[in-house]
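Below is one structure, written out as structure tokens, with a few remarks after it.
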Amino acid sequence: MRMCIFYTAATLSLQVLRFMSSLKTLLDQAAAVECPPEIRNRIMEGALTCVKRWGIEKTSLNDIAREAGCARQTVYNYYGSRDGVVLAALLESSRQFAERLLAHTRQFHGAPDRLTEALLFCLQELPNEPYLQLLGDPDLSPLFNHELFSSELCLGVITHVARDILDDTPELLAEAQEIAEVMTRIMMSLLLIQGPEPRGPDELRALIRKRFLPGLLG
């Protein structure tokens, strides 16, 4: 099943769920108690496995701890809750994806080429992101849709990515937030709604240039 997050790009799906309303608290906890990388990776992998196996609503902190091979108290000490673990996995995956996206778009010059290649990169690469596949969970998708543009952090992430993409087109920088929102909506629709027939990279690039760029740059 296809899924998405540009913001992450850049987004930085990044943003994302109703429990993101508690995002500041969770991030404060993470800053105060840093989880060692080896333990962190085991816990996040455990969360991914559990959510893909049972769905978010049927996954508990005990399940994640058991899958990660550590004590429940260890998971609680570092992340506070099941939602904290899932959120941390999404944020870290989004951060890494955004870095790759921006490294790719910086190879191109001018807003038309950069915007086109950013959208194409997201369409091709996002479905392969393991942690972002959590958004394929039907219990998470409505929450993601609800929080994407209402969360200050999420909107800030995708706007930052858009500003980087537009940095050699200064006349558009003032419109970066609006362009980021429209790009994200375009990407989400192309990822989640199947077209009449599959399109290859060149066909997608042509579609973006013909149908979407005029609106983004107009």
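Quick one: count up the residues across the range 180-201 that are among the polar types (S, T, N, Q), within 16 Å of residue 120 (Cβ to Cβ) and assigned to a loop (DSSP other than H, G, I, E, B).
Qualifying residue count, the range 180-201: 0.
Hey, can you tell me all the residues within the range 51-61 that are modelled with pLDDT under 90 and either polar (S, T, N, Q) or within 11 Å of residue 86 (Cβ to Cβ) (or both)?
51, 56
Residue under question is residue 106, and the condition is that it be at pLDDT 80 or above and within 20 Å of residue 211 (Cβ to Cβ); does it hold?
Here the answer is no, as residue 106 does not meet what is asked.
Tell me which of these residue 85 doesn't satisfy, since it passes every other one: (1) at pLDDT 95 or above; (2) within 20 Å of the chain's Cα centre (by Cα).
(1)
The values are calculated or read from the model by the stated rules, or taken from the named source; none is laboratory data. This structure is a prediction, so every number in the text was calculated from the model and none was measured. Glycine also receives a Cβ, built like all others from the backbone with ideal geometry; neighbour counts cover every protein chain displayed.
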